[in-house]
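Heads up: the structure comes next, in structure tokens.
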Amino acid sequence: LAFGCMLAAGLIGGSTVRAQTRILAGISLPEGDFAGRDSASGGYALPGFGLGIERTTKFYFGTDLGLSVLADYQPVDGSAVLRSRSNISPGSHLSTGPWILIWPMVLLGYQATALPQVEIYGHVLGGVLFGASPEMTVDEGGTLYTQNMALKITGAYGGSAGLTVAHRYHVDVRYLISRPEYDINVQGRGTSTERRSLYVTRTLELLLGITL
């Protein structure tokens, strides 16, 4: 409904400027508990990278509306996991996969000209997080314990701000937040245990982009 109203306003007023598709890539920095090293709530996430695509249209009075999908790859600090978990025997070896985060979002905001050939913008973002927790395997002297990958879809929100140069090049900063609860399964020595764990997921994205 909001999209239809804004499109109508732009067409009636002759103010629809342009639609654009852009590719974004850069650094994804874990924040808060997601980067924490606490065995109970920490995600042990390390800085990773993000890659995304975004489609936006500038409407009446510089209003922006669009869709964004950003995928993050966050490595895990395996040595910190070993140090902090007392139930893992000293001298054990740990192999771990990454956190995989996919953020499909609707964005709404405002874009304005700051200097010739330079525009600034700000957006609010709302959507979902498709999250995959890291798979981990601990080798305790030949005995293997495996924490399987868990998948979760949950609501997400955030904000972004940035600038566009020559209608083509972009510098974008965004902060994304979600609160997924993963059903974690651990197997080893012929047994299987499950637990539900909340990992408050916050990332600061520092991105560069180009309009296609």
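Is it the case that the stretch 61-79 has a residue that's under 18 Å from L176 (Cα atoms), of a type in the set (S, T, Y) and surrounded by fewer than 16 Cβ atoms within 10 Å (Cβ to Cβ)?
Yes, the stretch 61-79 contains a residue that is under 18 Å from L176 (Cα atoms), of a type in the set (S, T, Y) and surrounded by fewer than 16 Cβ atoms within 10 Å (Cβ to Cβ).
Looking at the stretch 36-60, which of the residues that are under 15 Å from the mean Cα position of the chain (by Cα) and surrounded by fewer than 19 Cβ atoms within 10 Å (Cβ to Cβ) is farthest from M149 (Cα to Cα)? Full working, then the answer.
The initial filter retains those residues of the stretch 36-60 that are under 15 Å from the mean Cα position of the chain (by Cα), namely 43, 45-54.
Adding the requirement that they be surrounded by fewer than 19 Cβ atoms within 10 Å (Cβ to Cβ) leaves 46-47, 49, 51, 53.
Details: L46: 18, P47: 20, F49: 20, L51: 22, I53: 26 Å.
Restricting to residues being under 15 Å from the mean Cα position of the chain (by Cα) and surrounded by fewer than 19 Cβ atoms within 10 Å (Cβ to Cβ), the top hit is I53.
With respect to the numbered conditions (1) part of a strand (DSSP E or B); (2) touching a Gly at 6+ places or on another chain (Cβ under 8 Å); (3) at pLDDT below 90, which one is the sole condition not fulfilled by G42?
(1)
Among the residues of the stretch 94-128, count how many are open to solvent by less than 60 Å² (accessible area, probe 1.4 Å), farther than 21 Å from V69 by Cα and not polar (S, T, N, Q).
Count: 6.
Return the residues of the stretch 77-125 that are farther than 24 Å from I210 by Cα, part of a strand (DSSP E or B) and modelled with pLDDT of 95 or more; say none if nothing qualifies.
W99
Please go through the stretch 129-150 and pick out each residue that is more than 20 Å from the chain's Cα centre (by Cα) and under 24 Å from S68 (Cα atoms).
None; the set is empty.
Return the residues of the stretch 136-177 that are of a type in the set (A, V, I, L, M, F, W, C), part of a strand (DSSP E or B), open to solvent by less than 40 Å² (accessible area, probe 1.4 Å) and closer than 30 Å to S92 by Cα; say none if nothing qualifies.
M136, V138
The values are calculated or read from the model by the stated rules, or taken from the named source; none is laboratory data. The structure displayed is predicted, hence computed values, not measured ones. No Cβ is skipped: glycine too gets one built from the backbone with ideal geometry, and neighbour counts run over all protein chains shown. The protein model used for the area step is the full one, side chains on, heavy atoms only, and it has no ligands, DNA or RNA in it. Shrake-Rupley method; radii C 1.70, N 1.55, O 1.52, S 1.80 Å.
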